[in-house]
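The values are calculated or read from the model by the stated rules, or taken from the named source; none is laboratory data. These figures come from a predicted structure and were not determined experimentally. As a convention, Cβ positions derive from the backbone with ideal geometry for all residues, glycine included, and neighbour counts pool all protein chains shown.
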Amino acid sequence: MSLFVHVSRYLVPHRELTPEELQQMLRRMRCSVLILASYWILMAVATHWPGRISSSEPPVPHLDKLVHTTGFLLLAVLWCWTFWQRKPSWKHLFLSWMVLAAYAALDELTQYWCPYRIPEVRDWLADSVGITIGLVICFSRRNRRSRRCASGQKSPPAQHQSQRAENASPDEEHQPHVPNNAVPIQPANSWASVGDSRPG
């Protein structure tokens, strides 16, 4: 069994998937994992690239924190796009946040050995804000799409019944439904109508 199956057991809610659907989902995951890994490596290199000392003020206040938030927001979106192939639960939301927040903390701690870079708690808080925003956006969109798909699957039968009710004539609406194999019941006064044929 491939590594993607083991990962998907913990990160993808797939209890109702058939084996064919699971294989199709894993094929999509291979492409998205490649994109996620490429972005993750690029971001790790950028955060550990040796910095430089600058005495000038940044053109935008708190630009560094904005870059941290945006970078980890995109990482969270790619994470959800890769592993949240179906409707996620609160457990998957919490687990994803813990994994990404732990990486953000590790990313800050390892900057201690990079020249002209200093680990900061505020940078980790900015990373966590981006992670939270990205996960919440993806979580709400996935759940909204799942509800839309569920309502779309239930609507055709109800629509078909409404069309049958509209196409039915007024006489058909008031007539009781009689099965095809039902035996007609003769009225109680039928013997009085036949006269002499009544049995003695």
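Of the residues contained in the stretch 38-58, none is found to be over 26 Å from Tyr103 (Cα atoms), modelled with pLDDT under 85, exposed (fewer than 13 other Cβ atoms within 10 Å of the Cβ) and touching a Lys or Arg at 6+ places or on another chain (Cβ under 9 Å). In a residue-by-residue description of the stretch 93-100, the property of being modelled with pLDDT of 95 or more, touching a His at 6+ places or on another chain (Cβ under 9 Å) and under 28 Å from His62 (Cβ atoms) applies to no position. When the stretch 112-123 is filtered for residues that are surrounded by fewer than 18 Cβ atoms within 10 Å (Cβ to Cβ) and assigned to a helix (DSSP H, G or I), the ones remaining, listed by number, are Tyr112, Trp113, Val121, Arg122. Taking the condition over 22 Å from the mean Cα position of the chain (by Cα), within 27 Å of Gly130 (Cβ to Cβ), at pLDDT below 85 and not hydrophobic (A, V, I, L, M, F, W, C), does Pro61 pass? Criteria met by Pro61.
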